[in-house]
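**Q** Submitted below is the structure of interest, expressed as C-alpha cells.
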C-alpha cells in the first residue's frame, strides 16, 4: 500500500478540487471517507467520477442532529477532515473547527475556498477563472494582442486549490505527530495560484520579464518556446530554451548559424517565430517525430488527453490505468517501496454507511432507525 497507509481522512464531498485532493490522498493509501448527502444525485454529479476512486462513502444528513452526531463520532478516529464550503457554513451546522476539535483535539481541519476564510471577498461566489484573475496568473496567459486565455480550471481549482489542500493536510498531520495538537488549515485558491507564479515574480525582479503578455520567455513570446502546426494539421510543442538544445534542433533541420546568434535577443523573436512556423508547416507530424523524437531538441507532439495513453513513453511507464473499464491517469508520484495503487473504482454514494457507523459504535437498531428517518442514506 501507499505511504499514507493508516491515515484516515474525512472528505465533506463538494465539487472539483475537493474530490481531487481526496483522490490524491486515497491513491497514496489513506483511508478517505467521503461524507455524502442522502437523497437523489444533484445535477452536478457524474455517473463516472474518477476523483471518487479508492474511497469509501457514508451518506449523512448534516442538517439533522443525528447526522451531526454521527459525523462527530467518525471524527473521533480521523486524522484529518476537509471541506470546501463558504466560510461560516460549517459553523452554522455546529461542525466548525472549534466543534470538531472538541471531539478530537488531534484532528487536522482543512478548509479550501477560492478567496480564503477572511477578507472582503471571502463570502462571495467565484470560480477558478476569478481566483487566478486576482492572483495575477490569468493576465500572463495568452497571446500579445488578444484577451488572456483560460487554462482550463487547472491553475486555481486543481493546482492552487486541491494540490495545496492535500499538501497542507499532510503537513498538518506530520506536525500533529510531534505536537499532539490539531489545527485548522486555510487554503485559498488565490494564494495557491499566486504561489505557483513565484518563478515569474523572480524573473520580474531580475528584469527578465516584461510586464505584458505574449512577449516573454515562457508565454509564447520566444520563437523557441511555443506550439506550431504541421503540414497535416497536427500540432507540436517546441521548448529549446538552452542554446545547446537549440543547437540540436539547428543541426537536425539544417538551419544556418544566425539562429544561434539571435537566440536570446527578444527583438528578433517575432520574426524568427514567423519563420519557424513556416519550417514546422513544411513537414507532417510523423516526419517531425522521425527527425526529432529521442533527441535533445525539446520536442513532443501535442496529444489530445484521450489519446495520451497511446504514446510509447506513457505505455512504457504505465502512466495510465483502467479501473472498472474506465481509462484514467495512474497514481502519482511513485515510490520505490510504498507504491501507491487504486484499490477500487469510484465510491458508491452511501455504500459503506452501515459498516463505518457500526465500527463507530452504532448498533444495528440505531443504524436502521437513522435510515428509516432519512438521517443516513
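**Q** Quick one: if the Förster radius is 22 Å, what FRET efficiency do residue 317 and residue 337 give, using the C-beta to C-beta distance and rounding to 0.05?
**A** Calculated value: 0.75.
**Q** Ok, one more. Using the Kirkwood formula on the Cα atoms of segment 126-188, what hydrodynamic radius do you get, in angstrom to one decimal? Please list the in-between numbers first.
**A** Working: mean 1/r = 0.0743 Å⁻¹.
Taking the inverse mean of 1/r over all distinct Cα pairs, segment 126-188 comes out at 13.5 Å.
**Q** Taking 45 Å as R0, compute the FRET efficiency from the Cβ-Cβ separation of residue 69 and residue 141 and round it to 0.05. Numbers along the way, then the final one.
**A** Values: r = 47 Å, r/R0 = 1.05.
After rounding to 0.05, the efficiency reads 0.45.
**Q** Let me see the pair-distance distribution of segment 98-139: every alpha carbon pair, 5 Å bin width, integer percents in order.
**A** Once binned at 5 Å, the Cα pair distances of segment 98-139 give 5, 20, 19, 17, 13, 10, 10, 5, 1.
**Q** Sticking with this structure for a sec: State the extension gain, in nm to one decimal, for the chain segment bounded by residue 202 and residue 47, taking 0.36 nm per residue of separation less the distance between their alpha-carbons.
**A** Numbers: separation 155, 0.36 × 155 = 55.80 nm, distance 4.36 nm.
Additional length available on full extension: 51.4 nm.
**Q** Note the full-extension length gain between residue 281 and residue 229 as 0.36 nm times their separation in residues minus their Cα-Cα distance, in nm to one decimal. It would help to have the intermediate numbers written out before the result.
**A** Numbers: separation 52, 0.36 × 52 = 18.72 nm, distance 0.58 nm.
Length gained, residue 281 through residue 229: 18.1 nm.
**Q** Taking the chain as a Gaussian network, Cα atoms linked when under 10 Å apart, which of 80, 316, 347 shows the biggest mean-square fluctuation?
**A** Comparing 80, 316, 347 in a Gaussian network model of the chain, the most mobile one is 316.
**Q** By how many degrees, 0 to 90 and rounded to 10, does the Cα axis of helix 17-27 deviate from the longest principal axis of the chain?
**A** 80
**Q** Helix 164-179 versus the longest principal axis of the chain: what is the Cα-based angle in degrees, 0 to 90, to the nearest 10?
**A** Tilt of helix 164-179: around 50 degrees.
**Q** Tell me the relative contact order for the chain as a rounded percent, counting alpha carbon contacts under 8 Å between residues six or more apart. Present the calculation step by step, with values, prior to reporting the outcome.
**A** Details: 649 pairs, mean separation 80.2, N = 377.
Computed value for the chain: 21 percent relative contact order.
**Q** With r as the distance between the Cβ atoms of residue 1 and residue 359 and R0 = 22 Å, compute the FRET efficiency 1/(1 + (r/R0)^6) and round to 0.05.
**A** Working: r = 19 Å, r/R0 = 0.87.
The formula returns an efficiency of 0.70 here.
**Q** I've got another one for you. What whole number of Å gives the distance from the Cα centroid of segment 10-25 to the Cα centroid of segment 40-65?
**A** 10
**Q** Looking at the calculated P(r) for the chain, what percent of the C-alpha pair distances fall above 37 Å? Write down the numbers at each step before the final one.
**A** Working: 24150 of 70876 pairs.
The proportion of pairs with Cα distances above 37 Å equals 34 percent.
**Q** Using a 10 angstrom cutoff on alpha carbons, build the Gaussian network for the chain and name the most mobile of 47, 281, 55.
**A** Highest fluctuation of the listed residues: 47.
**Q** Comparing 33, 107, 250, which has the greatest mean-square fluctuation in the GNM of the chain with Cα pairs linked when under 10 Å apart?
**A** Of 33, 107, 250, the Gaussian network model singles out 250 as fluctuating most.
**Q** If I fit a long axis through the Cα atoms of helix 269-280 and take the longest principal axis of the Cα atoms of the chain, what angle between them do I get, 0 to 90°, rounded to 10?
**A** So the helix axis and the longest Cα principal axis differ by about 90 degrees.
Read the figures in this text as sums done on the coordinates, not as results from a lab. Predicted model, so just to flag it, every value in this text is computed and none were measured. Note that each Cβ is placed from the backbone with ideal geometry, even for glycine, and that neighbours are counted across all protein chains shown.
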